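K.L.:
This is the structure I want to talk about, given as C-alpha cells.
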Amino acid sequence: MAEQLISLSEFWSLRDQLPLIDARSEGEFEQSQIPGSINIPILNNLERIVVGTLYKEKGSKEATIKGFELVGPRFHLILKDVLKQFPQKKVIVYCWRGGMRSQILSWLLTMVGFEVYRLKGGYKTYRTYSFDLVRKDWNLLVLGGKTGTGKTRLLQKLQEAGEQIIDLEGLANHKGSSFGSIGQPAQPTVEQFENLFAEALRKQNPEKLIWIENESRKIGRLILPDKFYHQMLAAPLIDILKPDQERIDLIAEEYAVLPADELILAVLRLKKRLGGLRTSQAIEAIVEGNHPEWISNMLIYYDKAYTFDLDKHAEGKIIQLDLSGIDQDKSLKKLLDAKTKFNGKHTNKTD
C-alpha cells in the first residue's frame, strides 16, 4: 500500500486511532518525543552523527547513500519488530523533519502491506506547535495555599466536577519542594515537559477558566515558560486557609510512608536555609518516626517561602477561603462559589 502524507491538523484526528512510530535515534527520542510514540530508530546515535557530518561536508546524495548502507543490513530486523508490535498494519510515522528516516521506514512498511501515514514536517512541526501553545494567553484561576492545604486533592475534585484543570506537578513528576521528587518517576526533560503541558492545554477551552495550582517558577529542575509564569502571577488567586494541625496531618498522611533515608536527604538539601540546629532536630524526628515534629519544623521554612511567593501576585486579585474542618465535598462547593467572584483573568474583584 502507498503512504499518505498528513498535516499536523490531520494528525490530531488520527493519533488516538493509530500507533505512532518515532524513527529518530534513541538519543533524540529520550530528549523528547510526541507523547505516546514508540521509538524504532532508522539510524542509531552514532550512525546519525556519521550521516549528518557527511551531509554537511558532501551533500544530500552522499548522505542518503551512506544512510542506506548503514541501515540496509537491519531492514529485516526492523520489519520483524514492527510486524510483531503492530500486526494490524496501520501506523503513523515521523522523524525530525519528515525527511529521509521516516521516508525509509514508510517505504519499508508499505513493502509488506502497511497503511502508513507520515507526518509532514515531522517532529519539528509538532514541537513548534507545542512551544507556541504553552506561550499563548490563557484564562487562569490559581489555587493557592500553604503547604499541606490539599491543593492537589482539591484540583482533582474540581476536575471530577467538570472543571478545567492543569496539574503542573503531575506533568512534571514533582510535588514542588525539596521533598517533591520522593516516590515520583524521573522528571521529563524541559522540552518533553512542554510537550506534555501543551497536550494538556490543547484539551482546554481557552474561553473558560482553567484552574491551576500556585507554583514557583521552578518545579524540581523544570522551569515554567516565562510568559505562562507571568500569567499565573497576574491571574486571580484563591488562597486556601487551614489550621496548622490539619496541614500537618495531611502531610504526614502522604509522607510518613516514604523511606526515612530519602526524607533525611530532602532535609539536608535545605540545610543552608534551615540552619544546623533545625536540620538536626528534623533529622532526629524522622529517625524516631515523630512525623508531626519534623513536619512542623519544615513548615516554618515553607510558610515563609509561601508568603514571599504570594507577595509576587497581582494586588486586588487574591481572596482568602477558609476551609478549616470541612470535608472535600463542602470544600469543592466553597471553591465553586468563590469562582463566581471572577469573570476571567482581567477581573479586579476581591472578597
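The values are calculated or read from the model by the stated rules, or taken from the named source; none is laboratory data. As the structure is a prediction and not an experimental result, all values here were calculated from the model. For neighbour counting, all protein chains shown are included, and Cβ atoms are generated from backbone atoms with ideal geometry for every residue, glycine included. For the accessible areas, the whole protein counts, side chains as well, though only heavy atoms, and no ligand, DNA or RNA atoms are used. Shrake-Rupley method; radii C 1.70, N 1.55, O 1.52, S 1.80 Å.
K.L.:
Given a cut-off of under 8 Å on Cα pairs at least six residues apart, what relative contact order in percent is computed for the chain? Intermediate results must be reported in sequence, preceding the final value.
P.N.:
On the way: 514 pairs, mean separation 60.3, N = 351.
Across the chain, relative contact order equals 17 percent.
K.L.:
Considering only protein heavy atoms, what per residue accessible area in square angstrom results for the chain with a 1.4 angstrom probe?
P.N.:
Values: 17380 Å² over 351 residues.
Heavy-atom SASA per residue in the chain reads 50 Å².
K.L.:
When the convex hull of the Cα atoms of segment 1-126 is projected onto a plane and the area is averaged over all directions, what value comes out in nm²?
P.N.:
Details: hull surface 28.8 nm².
Orientation-averaged projected area of the Cα hull: 7.2 nm².
K.L.:
Using Cα centres only, tell me the gap between segment 78-157 and segment 286-329 in whole Å.
P.N.:
If you average the Cα positions of each part, the centres end up 37 Å apart.
K.L.:
Expressed as a fraction of 2.2 N^0.38 Å, the rule-of-thumb size for a compact globular protein of N residues, what is the C-alpha radius of gyration of segment 133-204?
P.N.:
1.15
K.L.:
Can you tell me the relative contact order of segment 230-315? Whole percent, Cα pairs under 8 Å, sequence separation 6 or more. Before the final figure, lay out each step's value.
P.N.:
Working: 43 pairs, mean separation 34.5, N = 86.
Result for segment 230-315 is 40 percent.
K.L.:
Okay, next question. Mind checking which of GLY148, SER60, TYR126 is farthest towards the positive end of segment 42-165's charge dipole, using Cβ charges of +1 (Lys, Arg) and -1 (Asp, Glu) about the Cα centre?
P.N.:
Toward the positive end, the furthest listed residue is GLY148.
K.L.:
Follow-up question, since we're still on this one. Once you've got the GNM for the chain with C-alpha springs shorter than 10 Å, pick whichever of GLU26, GLU293, GLU69 has the biggest mean-square fluctuation.
P.N.:
Of GLU26, GLU293, GLU69, the most mobile in the Gaussian network model is GLU69.
K.L.:
So, one more: Counting only protein heavy atoms and a 1.4 Å probe, tell me what percentage of segment 158-227's accessible area is made up of carbon and sulfur.
P.N.:
Values: 1370 of 2980 Å².
On segment 158-227, the fraction of accessible area on carbon and sulfur atoms equals 46 percent.
K.L.:
Note the per residue figure in Å³ for the convex hull of the C-alpha positions in the chain.
P.N.:
In the chain, the Cα convex hull volume per residue is 173 Å³.
K.L.:
Quick check for me: using +1 on Lys/Arg Cβ and -1 on Asp/Glu Cβ, what's the dipole size of segment 222-336 about its Cα centre, in debye to the nearest 20?
P.N.:
Numbers: 14 positive and 19 negative charges, 106 e Å.
Around 520 debye, computed over segment 222-336.
K.L.:
Related question: From Cα pairs below 8 angstrom and at least 6 apart in sequence, can you work out the relative contact order of segment 66-178, rounded to a whole percent?
P.N.:
Working: 71 pairs, mean separation 19.6, N = 113.
Relative contact order of segment 66-178: 17 percent.
K.L.:
While we're looking at this one, here's another question. Hey, any idea what % of segment 1-48's accessible area is carbon plus sulfur with a 1.4 Å probe? Don't jump to the answer; show the numbers that get you there.
P.N.:
Details: 1160 of 2290 Å².
Reported share for carbon and sulfur atoms: 51 percent.
K.L.:
Pick out, from HIS230, PRO259, GLY183, the residue whose Cα sits farthest towards the positive end of the charge dipole of the chain, with +1 on the Cβ of Lys and Arg and -1 on the Cβ of Asp and Glu.
P.N.:
The one lying farthest along the dipole's positive direction is HIS230.
K.L.:
Quick one: length gained pulling LEU310 to ASP244 fully straight, 0.36 nm per residue minus the C-alpha distance? Kindly include the intermediate steps, with their values, before the conclusion.
P.N.:
Numbers: separation 66, 0.36 × 66 = 23.76 nm, distance 1.82 nm.
Between LEU310 and ASP244, full extension yields an extra 21.9 nm.
K.L.:
Quote to one decimal, in nm, the extra length available between ASP337 and LEU8 on full extension: 0.36 nm per residue of separation minus the C-alpha distance between them.
P.N.:
Once the chain is fully extended between ASP337 and LEU8, it gains 114.5 nm.
K.L.:
Another question, then. Return one quarter of the surface area of the convex hull spanned by the alpha-carbon atoms of segment 62-148, equal to its mean projected area, in nm². Can you show the working numbers first?
P.N.:
Working: hull surface 42.1 nm².
It is 10.5 nm².
K.L.:
For a 30 Å ceiling on Cα separation, which of these pairs sit above it: LYS124/LYS203; LYS58/LYS227; LYS312/LYS339; LYS304/LYS341; LYS151/LYS317; LYS175/LYS330? Before the final figure, lay out each step's value.
P.N.:
Values: LYS124/LYS203 21 Å; LYS58/LYS227 42 Å; LYS312/LYS339 21 Å; LYS304/LYS341 28 Å; LYS151/LYS317 18 Å; LYS175/LYS330 25 Å.
Too far apart for the 30 Å limit: LYS58/LYS227.
K.L.:
Which percent of Cα pairs goes in each bin when the distances of segment 212-351 are cut into 5 angstrom slices starting at zero?
P.N.:
2, 8, 15, 17, 17, 17, 13, 8, 4, 1
K.L.:
Something else now. With viscosity set to 1.567 mPa s at 4 °C, what whole-number translational diffusion coefficient in µm²/s follows for segment 161-264 from Stokes-Einstein and a Kirkwood radius over Cα pairs? Intermediate values should be presented prior to the final figure.
P.N.:
Values: Rh = 15.5 Å.
For the chosen part, D equals 84 µm²/s.
K.L.:
Still on this structure: Quick check: pseudo-label points 7 Å beyond the Cα along Cα→Cβ at GLU30 and VAL112, how many nm apart are they?
P.N.:
Each label point is offset 7 Å from its Cα along the Cβ direction, giving 2.7 nm.
K.L.:
If I stretch the segment between ILE318 and ILE49 completely, what's the gain in nm (0.36 nm per residue apart, minus their alpha carbon distance), one decimal?
P.N.:
Values: separation 269, 0.36 × 269 = 96.84 nm, distance 5.28 nm.
Length gained, ILE318 through ILE49: 91.6 nm.
K.L.:
Which percent of the accessible area of segment 298-339 is formed by carbon and sulfur heavy atoms (probe 1.4 angstrom)? List each step's numbers first, then the result.
P.N.:
Working: 1330 of 2400 Å².
Whole-percent figure for carbon plus sulfur exposure: 55.
K.L.:
Over the heavy atoms of TRP107, what accessible area does a 1.4 Å probe trace out, to the nearest 10 Å²?
P.N.:
Per-residue accessible area (TRP107): approximately 120 Å².
K.L.:
Label points 7 Å out from Cα along the Cβ direction at GLN184 and ILE38: separation in nm?
P.N.:
In this crude label model, GLN184 to ILE38 measures out at 2.9 nm.
K.L.:
Could you identify which residue out of LEU108, LEU209, LEU140 has the top mean-square fluctuation in a GNM of the chain using Cα springs shorter than 10 Å?
P.N.:
Sorting by GNM fluctuation, first place goes to LEU108.
K.L.:
Please compute the Kirkwood hydrodynamic radius over segment 31-93, one decimal place, Å, based on all pairs of different Cα atoms. Kindly include the intermediate steps, with their values, before the conclusion.
P.N.:
Details: mean 1/r = 0.0746 Å⁻¹.
Evaluated over segment 31-93, this radius sits at 13.4 Å.
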